[in-house]
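The values are calculated or read from the model by the stated rules, or taken from the named source; none is laboratory data. Keep in mind that this is a model prediction, so the values were computed, not measured. With ideal geometry, Cβ positions are generated from the backbone for all residues, glycine too; neighbour counts draw on all protein chains shown. Side chains included, ligands, DNA and RNA excluded: accessible areas come from the protein's heavy atoms. Shrake-Rupley method; radii C 1.70, N 1.55, O 1.52, S 1.80 Å.
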Amino acid sequence: MGDFGRISVHNALGGGPVADILLWRNYYGGGAVLIGSTILWFLFEKGGYNIIAFIANNLLLLVVILFLWAKSASLLNRPLPPIPELDISEETVLIAADEMQVWVNHIFSLAHAIAVDGNLKALMLVVSSLWLISYIGSFFNFLTLIYIGVLFSLSVPFLYEMFQSQVDGKLITKEESVANKYMLTRFLLWLVEIMVVFEGVKVW
């Protein structure tokens, strides 16, 4: 299979720095995410640390260090801590609000389709998704699920991009096989209906 019609994995992931990390084009970023998430998972899951206490203690230590640094800098004529002005631009807030609006509207549309329209397909989709999440969550805790998600995010897109031609070829073959079986089944059912009609039996 050629490259005609092939979808770029990098563009599908947004084509930005996040895509570079997920596809390991930014080796330092991907390595930092992998090592950092592994260390955090080991500390909290195996070391028995509490995540809230860990964050609070680190923030406490950081604030005390910065305070002492600022006081000593004024006494010893040293430069102040190199902390930039923390300011979130209005454009960033609007972008985040737009993204949140899309997700919230999608959830509301699903709720409306289930509760008002009685959409059985939407109901089955939501029920099966929630059941699958609950079933998987019964084997792992929340932190382990996040860590597994990070590992999958750093491996599946990278492996798919490496073997995209082979994977797409297999998927197309499977799709054609399923379509052929579906058409054969429809044809056989049609033949059965024709035979029943000729036999004079009413088909319900």
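Side notes on the structure shown:
- Restricting Phe140, Phe152 to those that are within 21 Å of Thr38 (Cβ to Cβ) and modelled with pLDDT under 80 reduces the list to Phe140.
- Tabulated pairs, the range 98-121, first without any contact (Cβ under 8 Å) to a residue 40 or more places away in the chain, second of a type outside the set (Lys, Arg) and in a loop (DSSP other than H, G, I, E, B), C-beta under 8 angstrom, 6+ apart or interchain: Ala113/Asn119
- Extreme residue, farthest from the chain's Cα centre (by Cα), among residues of the range 108-136 that are among the hydroxyl-bearing types (Ser, Thr, Tyr) and open to solvent by less than 90 Å² (accessible area, probe 1.4 Å): Ser109
- Flag if Phe139 is under 30 Å from Glu45 (Cβ atoms) and either open to solvent by less than 100 Å² (accessible area, probe 1.4 Å) or in a helix (DSSP H, G or I) (or both): no
- The criterion of being modelled with pLDDT of 85 or more, open to solvent by 100 Å² or more (accessible area, probe 1.4 Å) and either of a type in the set (Val, Ile, Thr) or in a helix (DSSP H, G or I) (or both) does not hold for Ile52.
- Long-range neighbours under 7 Å by Cβ, at least six apart or interchain, first residue under 12 Å from Pro157 (Cα atoms) and among the charged types (D, E, K, R) within the range 10-38, second at pLDDT 85 or above and part of a helix (DSSP H, G or I): Asp20/Gly29
- Filtered residue count, the range 166-180, keeping only those that are in contact (Cβ under 8 Å) with a residue 24 or more places away in the chain and surrounded by fewer than 12 Cβ atoms within 10 Å (Cβ to Cβ): 1
- Scan the range 73-115 for residues that are modelled with pLDDT under 80 and not hydroxyl-bearing (Ser, Thr, Tyr) and the total you get is 15.
- Residue match in the range 75-94 (condition: under 19 Å from the mean Cα position of the chain (by Cα) and either polar (S, T, N, Q) or open to solvent by less than 100 Å² (accessible area, probe 1.4 Å) (or both)): no
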